[in-house]
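Where a number appears in this text, it was derived from the coordinates with a stated rule and is not lab data. Here the structure is a predicted model, which means the values were calculated and not measured. Note that each Cβ is placed from the backbone with ideal geometry, even for glycine, and that neighbours are counted across all protein chains shown.
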Amino acid sequence: MRQRDRIAEPWGTRTPYGPGESWPARTDMFLDGVEPDAVQRWVPSASVLHSNGDALDIAVADGRIVGVRGRTADRVNRGRLDPKDLFGWQANNATDRLTQPMIRRGGKLVVTDWDTAMDRIVEHSKTLLRTEGPSTIGFYTSGQLFLEEYYTLGVIARAGIGTNHLDGNTRLCTATAAEALKQSFGCDGQPGSYTDVDHADVIALFGHNVAETQSVLWARMLDRLAGPNPPEIICVDPRRTEVAERATVHLAPLPGTNLALMNALLHEVIARDGLDHDFIADHTVGFDDLRAVVAEYPPETVAPLCGIAADDIRAAGRILAGARRLLSTVLQGFYQSHQATAAAVQVNNLQLIRGMLGRPGCGVLQMNGQPTAQNTRECGADGDVAGFRNWANRAHLEQLARVWNVEPDRIDHDGPPTDIMQMIRCAEQGTLRMLWVSATNPAVSLPELARIRSVLRREGLFLVVQDMFRTETAELADVVLPAAGWGEKTGCFTNADRTVHLSAKAVDPPGDGRADLDIFLDYARRMDFRDRDDLPLVTWSDPSSAFDAWKQCSAGRPCDYTGLTYAALAAGSGIQWPCPGDRPEGTERLYADGRFWSDPDYCESYGKDLATGTPTSAADYRAYNPDAKAMIKAAHYARAPEAPDDSFPLALITGRTLYHFHTRTKTARSAPLNAAAPDVWLEVSASDARSRAIGEGDLVEVTTRRGSVRARARVSGIRPGVVFLPFHFGYWDVESTAHDRAANELTMTEWDPSSKQPIFKLAAARIDRISSGEGPAPAPTLGASAPVDAGVAATRGGPRGTAVEWD
C-alpha cells in the first residue's frame, strides 16, 4: 500500500502493459478522518464529476459518507480513481446544503414547506396549461441526474404537459457528439470502447484534453505509453496539454479552423492510399464527394489558415494513413467551436475510410462531457426522443405513444424538440412563461451571461430551480427545491462508452432534501397526469420500477436495456448496452458486422445539411441511403463569425480544467480540489505576455465585444495568439454589479447549425495589464496550465490531498 499526494500526482502510479494485454488493476482509496476498519458499509456507485464512469464504492460511517474506494473488478477503471473521484464527494457533507424548499415572497427567497412549494408550482403549471397551452412551459435539466429521473421527466414533459421544450445542459458539452454520430451512422451510440486503448497502435485525440477531463482514461493511455510497443499519439489542441507533451505529433490550430485541418488530414490519408477500399464499397455511401472536397485542402493551403506547419500536417497524415489499429476520440475542442458537427463528422470519416470500426483498437469515441450525458440522450431529456426514436418518423412517435398509452398527437410537434438556446429566446420574447431547471446552473454556464441574467430575471418568467446548493441560478428563482445528491439516492447512469453502472443510496440527504425522482413523481401525482384510458400516466413509484418502465421503452431500439437488471449491475462491473434479453453480457463494440442503425425505417435521424442545419427529408434520406450503410459526409471550411482584428487581436477559448467541474457547485466545496485552483486565471503565451509587459501573476483584464473579466495571468505553453479562461468560476452574488470573473460574460450567442451547441471557443479578445501580481496565478502547475516559469511552486495537496493505492 502506497501513499500518494493525488493533487500533485493526479494520474497515480504507472502499471505498464503492452498491446493486447489486459490493463493491470490498481486500487485507489481515500478516507477522510477514519481508518478502514471504522467503515460500516461500502455502497456501490460510480464517478459523478466527469464522463468516464469510474466505478467506486462509497464508504459510510455513522450515517455519513467518509470516503471512496475504486472497484478493481470494473471494466472502466480497474480500481483507479482521479482527484475529483477521490475528493469531490466532500460536497455532500458541506454545511451550506439546501435543506428546505424556498419561495420568493416580497422579492426575497424565504424558507417554506414542500406542500407550499409544490402547490405554487402546480398552480402555476395548471394556470398556464388552461390559459395559454403547453408550449409556455419548459424544462432544462442536467447531465448529472440518473437514468430513471430523466426518463420520468421526459414522460412528464412530453406526454403529461405536452410541451416540446425539454433540453439538458448536455447541449453545452455533447450535443455535437450525438449529432455527429447521427450524421454518420443514422443513430447515436458510441461505436468504440475504452478497451480499444489496450489494442491501438495509434491514438488520435481531437480537441480532447483527456488528461484533465477523463483522468483515469488518460492513466490507461499512460500505462500503454509506459509499456512495450506503445501507441503513437496525435494531439489536436491549441494548448500545451499533458496529451500534447506525450504526443508524436502535436497540431495546435487557431480556433475556428478545425474543419480545415480535418480536411487536410483526410486529404493526406487519401493521397497516401491509406484506404480500406472493400469496406468503403461495401459499407458506406458518399466517399466520392469526400474525395472531391478534400482534394481542395492540401497541407500547403491549410497550413496558413490554421497557423501550423504543412510538414506537421503531413506527419500526422502519414501516421493516420499507416495505423494498423486506430482509435480516435473527440471532445470540447471540436464540439464548442466553429463548424462543430462538420469537424466531428470528419473524424468519423477518418475511421470509415480506414475501415477501422468494430475491432479491438479500431473505433471512434465522440466523448461526453458529463457523467450521465448519454442518459439524457437515450431518455429524450435533451432534445431527442426516448429510445433514440426519430421525431420526424410518425411510426416512431406512434410506437412511443403506445408505450406511454397516450394519443400520438400528444407527442407530435411541427419541429424537433427545442434546444436551450431557443428556449431562452422564447423566454426573452415572452412565449415561454415557466422554466424548471434541475441540477444545472445556467446563470454561469450559458453564453453571454448579461443576456441570460436579464432573461432569468424577467418578470413574466416563473423560474423553478431544483439543486443541492443555492447556486447563482437559484438566487433568481421563484421556487427553490432542495435535491438529494449523488450517494443519497439510487439509480443508473451510463458513461461515454455505453457502460451502465448502478449507484445505490448510501446515506440520507440532509434536512428535507428529496431525490429528484421523488420530486418529479410528486409533481406528476399533484398534476394528475392521465393516459388515454384515464389511468395515471406515470405508473412507477421508485427507482427500480422506473428502471423497468425504461426497459420497456428501450426494447428493440439501439439502446436496448431489456437484459439489464439491478442485480446484474450490482455484481461488480458495469455492462455496456445494447443489452437485449438474449445478450445480458452487453455489447463491447458497435458495428462489428458492418451493419448500421441507419435503415430509413429504423434510424434515429435523417440527418441535416452540415453547413446550414436544414433537416434532410425522409424521402431524400431514403434515396441517399436505402441500404442502411454508414454515411461519409463532406463539408467545406467557412470562416468563423468572429475573428481577431486590430481592436481584438487575440482568440479567446474557454473550457474545463483538472480539479473543477462545471460551475464548481460541488468541487468548490472540496477543500483539496478548491485549494488546487481557488480562483480564475488567464493563460497567455510567453510571446503575447512579453509584448504586453505581462508577468506571471499580474492582474489583467480580458475584453471581448460582450464584456470584460479580470484574472491573474498564467504565462503558459498555449500557442501565441490564443488565450484561455476556465469557465468554472461564477459570482456567488448575482445581484452584484461586479460580474468580472465568469468566462461566459465574454462568449457569444452563436451555435452550431446542426447540433445547436453554443460556440464557447471562438471570441476575438484583447488583454490589458492592470497591475502587478503579488505572486503566481492561482492556477495549477500541471496540465495545460503549467507555467513556463520554473520558479513557480508546484501544486500540492498535502495531507488532505493524500490517498492510498495498491496493486
TODO: Using only Cα atoms, locate the centre of the stretch 169-205 and the centre of the stretch 521-576, then give the distance between them in Å, rounded to an integer.
DONE: 26
TODO: Would you be so kind as to identify which of 390, 362, 695 lies farthest towards the positive end of the dipole of the chain, taking Lys and Arg as +1 and Asp and Glu as -1 on Cβ and the Cα centre as origin?
DONE: 695
- [ ] Go through 40, 79, 67 and say which Cα lies farthest out towards the positive end of the charge dipole of the stretch 2-93; charges sit on Cβ, +1 for Lys and Arg, -1 for Asp and Glu.
- [x] 79
TODO: State the dimensionless ratio Rg/Rh of the stretch 363-451 (Rg: radius of gyration of Cα atoms; Rh: Kirkwood radius).
DONE: 1.02
- [ ] Could you give the size of the charge dipole of the chain about its Cα centre, using +1 on the Cβ of each K and R and -1 on the Cβ of each D and E, expressed in debye and rounded to the nearest 20?
- [x] 840
Task: the stretch 492-585: C-alpha gyration tensor shape, a/c 1.5 cut-off, then a/b vs b/c - done: oblate
Open item on the list: Cut-off under 27 Å on the C-alpha distance; same-chain residues fewer than 8 positions from residue 108 excluded. Which lysines are left, in chain and number order?
Closed with: 126, 666
- [ ] Before anything else, pin down the relative contact order of the chain: Cα pairs under 8 Å, at least 6 apart, normalised by residue count, whole percent.
- [x] 20
TODO: Sequence neighbours fewer than 8 away in the same chain don't count; with that in mind, list the lysines whose C-alpha is under 28 Å from residue 551.
DONE: 182, 489, 505, 629
- [ ] Please order 681, 11 by the number of other Cβ within 10 Å, starting at the fewest.
- [x] 11, 681
Open item on the list: Test of understanding: ordering 23, 577 by Cβ neighbours within 10 Å, fewest first, what list do you get?
Closed with: 23, 577
Open item on the list: If N is the number of residues in the stretch 2-93, what value comes out of its Cα radius of gyration divided by 2.2 N^0.38 Å?
Closed with: 1.09
Open item on the list: Just want the ordering: 706, 433, from fewest to most Cβ atoms lying within 10 Å of their own Cβ.
Closed with: 706, 433
- [ ] Would you work out if the stretch 127-227 is rounded, prolate or oblate? Take a ≥ b ≥ c from the square roots of the eigenvalues of the alpha-carbon gyration tensor; rounded if a/c is under 1.5, else prolate when a/b is larger than b/c, oblate otherwise.
- [x] prolate
TODO: Quote the charge dipole size of the stretch 650-806 about the Cα centre in Debye, to the nearest 20; the model charges only the Cβ of Lys and Arg (+1) and of Asp and Glu (-1).
DONE: 240
Open item on the list: Based on alpha-carbon centroids, what's the gap between the stretch 612-664 and the stretch 738-774 in Å, whole number please?
Closed with: 18
Open item on the list: Nothing charged except the Cβ atoms of Lys and Arg (+1) and of Asp and Glu (-1): what's the magnitude of the dipole of the stretch 143-298 about its Cα centre? Round to the nearest 20 debye.
Closed with: 480
Open item on the list: Report the Cα centroid-to-centroid distance between the stretch 114-144 and the stretch 207-234 in angstrom, as an integer.
Closed with: 46
Task: Net charge of Cβ neighbours under 10 Å - reference residue 16; Lys, Arg +1; Asp, Glu -1 - done: 0
Task: Alpha-carbon Rg with Dmax, taken over the stretch 650-806, Å - done: 15.9, 52
